[in-house]
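The next block holds one structure in the form of structure tokens; read it before the comments.
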Amino acid sequence: MAKQSKLSQRIGFFVGILVFVLVLLMKTPTGMEVGAKITIGLLLWMAIWWATEAVPLPITSLLPLLIFPLFKVISAKDIAKSYMSQEIMLFVGGFFISEALEESGLHERLSLFLINKIGTSPKRIILAFMIAVGFISMWISNTTATVMALPIALSIIEFYKELIKKEGLNVDTTPGEFKFATALMLGVAFAASIGGMGTPIGTPPNIIFLSMAKQMFPNAPTLSFLEFSKFGILFIIFFLPFTWFMLTSVFFKPGFAGLKESREIFANELKKLGKMLIKEKVVLTVFLITVFLWIFRTDIDFGNFTIKGWSNILGISKYVHDSTVAILAALLLYIIPVDFKKGETVLNAESVKKLPWDIILIFGGGLAIADAMVSTKVADYVGSKLTFLSGVNLLWVIALIGGIGFLIAQFTSHTSATSIFMPIAGAVAVAAKIHPYLVMLPTTFAISLAFSLPASTPPNVVVMTGDYVKVKDMLKAGFIIGFLGLIILVFYMYFVGIPLLNIANMPY
């Protein structure tokens, strides 16, 4: 497999460059700017390198900084701005909040508390893990949420194996055959991916969508933290239990009843943490304040009355953004002391060094392409060639683009897939004469539903280390649940998303 990977990387390296050169040598189509042709060629080049990982993903993301200035498409000064937008700053602030949750151990306390409050049967334990991981992954990286839950889940599996053996139950507990363990491991991985959809900072594709939508359609109102979260959390509230039901009642029925001793494990683990430390209290306070400021930054309209957002009350609504709140939270975590004598704060200089620059550069590369597509009018040109989509039922348009994104994301990183597909989704929406959010938003979620293979998303890789999941089981359950989720998502967007976000009346 390693040899095949290296071979695909080598082939991808040369194919990417070759495709770009061939596009340059082609005659520029009538009605298309030369800069638009160069942009399309670069998008294909980056897509091939991203998909094959011919060079590290963040290095591929730097190509716009080289190619656009050399070919006089966009100046170096202007293209560099794409790599540090307000949405990227939201991600940076969100990362520091995530780091504080991990550093303080608050994320573990919250997850154990949730798990401890839900029943003792095998199915309920799986549900408890999924709710805990799903909630935590709304605020920290999906991978970290999975890593956090893995040792606790493995200890539960070992505990059940001992009790099953002790009571002489006829249950196969060998790795790969123990259905409870398989359902629990997959439940943790899938819940991490699903939970990431809940907030703008939950997973990189969400930030990419918000950033590219702003770049490509500056006249469209930016979805606030609250608006995006309303859409995401409502979907999670329905889809997470659905996933749990499919795992525990369709694919991997545990095959044994609940064992009362299992509650003792969670209670004991919670006791081991002791009383909440000052560091945890500081993080919890800052976290709650941050969420409050995110939710109430803009006006909340209830029809009969409106709650004025604090940015409007202060007269600074045009100057602040959700990233402003995120950076405020980061600063507080760096300056509020948790030990006056030692001068210790929650975050320190080492925390800055952990900033995921690779993800930030991938964001920037995608935004640079989106910016070029606007300035060179690629979207307009592509839209003019897709006029046949005008009048096509919205459900089919969402299903088509979301479905393609869903399939491609099975084999490449969700971040790369979103960077590639957001410009396409926006162009298709323009061609179909529908609001871009109606295609771009569900496509973003469809990509996050791609969790069929270990390569699809990091949480899948993490749970594979436990030896309780076979690839064929992950493929079968992941693809069917993800595909059904795609169908649900299409109708959810149409019947819930449009009225919930009032998209029909949004300009663009």
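Taking the accessible area of segment 118-184, probe 1.4 Å, and keeping the other protein chains in place, the carbon and sulfur fraction comes to 57%. In the full protein context, segment 82-201 carries 31 Å² of accessible surface per residue, based on a 1.4 Å probe and ignoring ligands, DNA and RNA. Rounded to the nearest 20 debye, the dipole size of the chain about its Cα centre is 260 debye, using +1 on the Cβ of Lys and Arg and -1 on the Cβ of Asp and Glu. The accessible area of W357, taken with all protein chains in place and a 1.4 Å probe, comes to roughly 130 Å². Kirkwood radius and radius of gyration were both taken over the C-alpha atoms of segment 120-249, and their ratio Rg/Rh is 1.12. For segment 410-508, the solvent-accessible area works out to 33 Å² per residue, with a probe of 1.4 Å and every protein chain left in place. Quarter the surface of the alpha carbon convex hull of segment 57-120 and you get the mean projected area, 7.1 square nanometres. For the residue pairs K77/K214; K161/K271; K275/K342; K318/K353; K214/K433; K230/K308, alpha carbon separations beyond 27 Å are given by K318/K353. Note that segment 484-498 has calculated 3J(HN,Hα) couplings of 5, x, 4, 4, 4, 4, 4, 6, 4, 4, 6, 8, 10, x, 4 Hz, one per residue in order, obtained from phi through the Karplus relation 6.51 cos²θ - 1.76 cosθ + 1.60 (θ = phi - 60°); glycine and proline are x.
The chymotrypsin sites (Phe, Trp or Tyr not before Pro) of segment 319-350 meeting both criteria, a DSSP state outside H, G, I, E and B (loop) and at most 16 other C-beta atoms within 10 angstrom of the site's C-beta, are Y319, F340. Across the chain, C-alpha contacts under 8 Å between residues 6 or more apart give a mean separation that, scaled by the residue count, equals a relative contact order of 22 percent. Distance between the modelled labels on L66 and F245, one decimal in nanometres: 5.2 nm (7 Å Cα→Cβ projection). For the chain, taking the reciprocal of the average inverse distance between every pair of different Cα atoms yields a Kirkwood hydrodynamic radius of 24.1 Å. When the alpha carbon gyration tensor of segment 363-508 is reduced to an equivalent ellipsoid, its three semi-axes come out at 30, 18, 12 angstrom, largest first.
Annotation: average projected area of segment 1-121 is 13.5 square nanometres, based on the convex hull of Cα atoms across all directions.
The values are calculated or read from the model by the stated rules, or taken from the named source; none is laboratory data. These numbers come from a predicted model, not from an experiment. Note that each Cβ is placed from the backbone with ideal geometry, even for glycine, and that neighbours are counted across all protein chains shown. Ligands, DNA and RNA are excluded from the accessible area calculation, which covers all protein heavy atoms including side chains. Shrake-Rupley method; radii C 1.70, N 1.55, O 1.52, S 1.80 Å.
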